[in-house]
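Q: My questions all concern the structure below.
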Amino acid sequence: MASVSLSEAEKVYIMHGVQEDLRVDGRGCEDYRCVEVETDVVSNTSGSARVRLGHTDILVGVKAEMGTPRLERPDEGYLEFFVDCSANATPEFEGRGGDDLGMEIASTLCRIFNNRSSVDLKSLCISPREHCWVLYVDVLLLECGGNLFDAISIAVKAALFNTRIPKVRVLEDEEGSEDIELSDDPYDCMQLSVENVPCIVTLCKIGCRHVVDATLQEEACSLASLLVSVTSKGVVTCMRKVGKGSLDPESIFEMMETGKRVGKVLHTSLQDVLRKEESLGPERPKVGFLG
């Protein structure tokens, strides 16, 4: 993960500010930076989104393809995640420097999103044990400016909201074999429900307090962080501790409560932006370098 070098005086300055609920950029401990969300930015995908959170820039594309259901879940489709850490994001990702981080992020995303409580996987099934939709979710890290997991989860949810899957009819011939027919109408498609899709809220422990949406400088002052995936109703679906430091039970409980409170506000704001952008239709103006 991208990192910065700070002197001891800089770390003390940041830590003392956090204790007073005043961060270097003027935010409080529970405040996010401005989040820019744009959907439908890549033309050759089933759904896509670009999210910019501070200096963190994420691009996500979703491709729906037909596959075979997994043996343990014969009546469900599934999601596959791939994370590419671009060398343009930070020099540390040059060569194979970003491979370990990419696999770590992909594993976390699969654990959080690829389950029945997050996405209606049964709606992705075409014919039990025979055919299903497989959603390949590709995540590209364009720039790293701290708080990667939160930005990626927002981008994944926005891309899934933008995903359109063609409607399929299963026909049987006289011999009983099945034939699959895809609709020719590009508007005759299925939209995924993202109501229960969680977002990740990362809480970094700095001194005796914790902050959300940490910058690279704040991450350098934190020895332990807690990733909390929260639904729009404030339900925690997954937790994971990262970092070399430890967290006491009381701190974990406080961080969970903060994560639930902040996560509900984050979901509300994101849903408002996504609905507003969808209401503009295909004629909405494109912004950014992908416009």
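Q: What number goes with the only condition from (1) outside any loop (DSSP other than H, G, I, E, B); (2) touching a strand residue (DSSP E or B) at 6+ places or on another chain (Cβ under 7 Å); (3) open to solvent by 50 Å² or more (accessible area, probe 1.4 Å) that Leu79 does not pass?
A: Just one mismatch for Leu79, condition (3).
Q: Going residue by residue through segment 247-257, is there one that turns out to be surrounded by 13 or more Cβ atoms within 10 Å (Cβ to Cβ), modelled with pLDDT of 90 or more, in a strand (DSSP E or B) and among the polar types (S, T, N, Q)?
A: Among the residues of segment 247-257, not one is surrounded by 13 or more Cβ atoms within 10 Å (Cβ to Cβ), modelled with pLDDT of 90 or more, in a strand (DSSP E or B) and among the polar types (S, T, N, Q), which makes the answer no.
Q: Tell me whether segment 220-240 contains one or more residues that are at pLDDT 90 or above and in contact with an Asp or Glu (Cβ under 7 Å, 6 or more places away or on another chain).
A: yes
Yes/no matrix, rows are residues, columns are (1) of a type in the set (Phe, Trp, Tyr); (2) surrounded by 14 or more Cβ atoms within 10 Å (Cβ to Cβ); (3) part of a loop (DSSP other than H, G, I, E, B); (4) more than 22 Å from the chain's Cα centre (by Cα):
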{"position": "Leu6", "(1), (2), (3), (4)": "no, yes, yes, yes"}
{"position": "Glu10", "(1), (2), (3), (4)": "no, yes, no, yes"}
{"position": "Tyr13", "(1), (2), (3), (4)": "yes, yes, no, yes"}
{"position": "Val41", "(1), (2), (3), (4)": "no, yes, yes, no"}
{"position": "Asn44", "(1), (2), (3), (4)": "no, no, yes, no"}
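Q: Name every residue in segment 15-54 that is touching a residue at least 24 places away in the same chain (Cβ under 8 Å), touching a Leu at 6+ places or on another chain (Cβ under 8 Å), of a type outside the set (Lys, Arg) and within 16 Å of Cys204 (Cα to Cα), in order of residue number.
A: Scanning segment 15-54 gives a single hit, Tyr32.
Q: Has segment 190-208 got at least one residue that is open to solvent by 40 Å² or more (accessible area, probe 1.4 Å), touching a helix residue (DSSP H, G or I) at 6+ places or on another chain (Cβ under 8 Å), farther than 12 Å from Lys260 by Cα and among the hydrophobic types (A, V, I, L, M, F, W, C)?
A: Yes; the residues of segment 190-208 include at least one that is open to solvent by 40 Å² or more (accessible area, probe 1.4 Å), touching a helix residue (DSSP H, G or I) at 6+ places or on another chain (Cβ under 8 Å), farther than 12 Å from Lys260 by Cα and among the hydrophobic types (A, V, I, L, M, F, W, C).
Q: Among the candidates Gly77, Gly67, Gly102, Gly146, which residue alone is at positive phi and touching a residue at least 12 places away in the same chain (Cβ under 8 Å)?
A: Gly146
Q: Scanning segment 209-220 for residues that are in a strand (DSSP E or B) and touching a strand residue (DSSP E or B) at 6+ places or on another chain (Cβ under 7 Å), which turns out most open to solvent (accessible area, probe 1.4 Å)?
A: His210
Q: When you scan segment 128-161, how many residues do you find that are surrounded by fewer than 24 Cβ atoms within 10 Å (Cβ to Cβ) and small (Gly, Ala, Ser)?
A: Here the count works out to 1.
Q: May I ask you to verify whether Glu181 is surrounded by 22 or more Cβ atoms within 10 Å (Cβ to Cβ), out of contact with any Gly (no Cβ under 6 Å at 6 or more places or on another chain) and outside any loop (DSSP other than H, G, I, E, B)? Don't jump to the end; show me each part of the working.
A: Values: surrounded by 22 or more Cβ atoms within 10 Å (Cβ to Cβ): no; out of contact with any Gly (no Cβ under 6 Å at 6 or more places or on another chain): yes; outside any loop (DSSP other than H, G, I, E, B): yes.
So Glu181 fails the test.
Q: Something else about it: For segment 121-171, what are the residues that are assigned to a strand (DSSP E or B) and of a type in the set (Phe, Trp, Tyr)?
A: So in segment 121-171, the residues assigned to a strand (DSSP E or B) come out as 125-127, 131-143, 164-166, 168-171.
Of everything in segment 121-171, those that are assigned to a strand (DSSP E or B) and of a type in the set (Phe, Trp, Tyr) turn out to be Trp133, Tyr136.
Q: Could you look through segment 82-109, keep only residues that are of a type in the set (Val, Ile, Thr) and not in a strand (DSSP E or B), and pick out the one that is farthest from Ser127 (Cα to Cα)? Spell out how you get there, then give the answer.
A: Restricting attention to segment 82-109, the residues satisfying the condition of being of a type in the set (Val, Ile, Thr) are 83, 90, 105, 108.
This time we only want the ones that are not in a strand (DSSP E or B), so: 90, 105, 108.
Details: Thr90: 44, Ile105: 31, Thr108: 29 Å.
Looking at residues that are of a type in the set (Val, Ile, Thr) and not in a strand (DSSP E or B), I get Thr90.
Q: In segment 218-262, which residues are closer than 19 Å to Phe113 by Cα and of a type in the set (Lys, Arg)?
A: Listed by number, the residues that qualify are Lys233, Arg240, Lys241, Lys260.
The values are calculated or read from the model by the stated rules, or taken from the named source; none is laboratory data. Just so it is clear, the structure is predicted and the values come from calculations on it, not from any experiment. Counting neighbours? That spans all protein chains shown, and the Cβs are built from the backbone with ideal geometry, glycine included. To get the accessible areas, we keep the full protein, side chains included, count just its heavy atoms, and leave off ligands, DNA and RNA. Shrake-Rupley method; radii C 1.70, N 1.55, O 1.52, S 1.80 Å.
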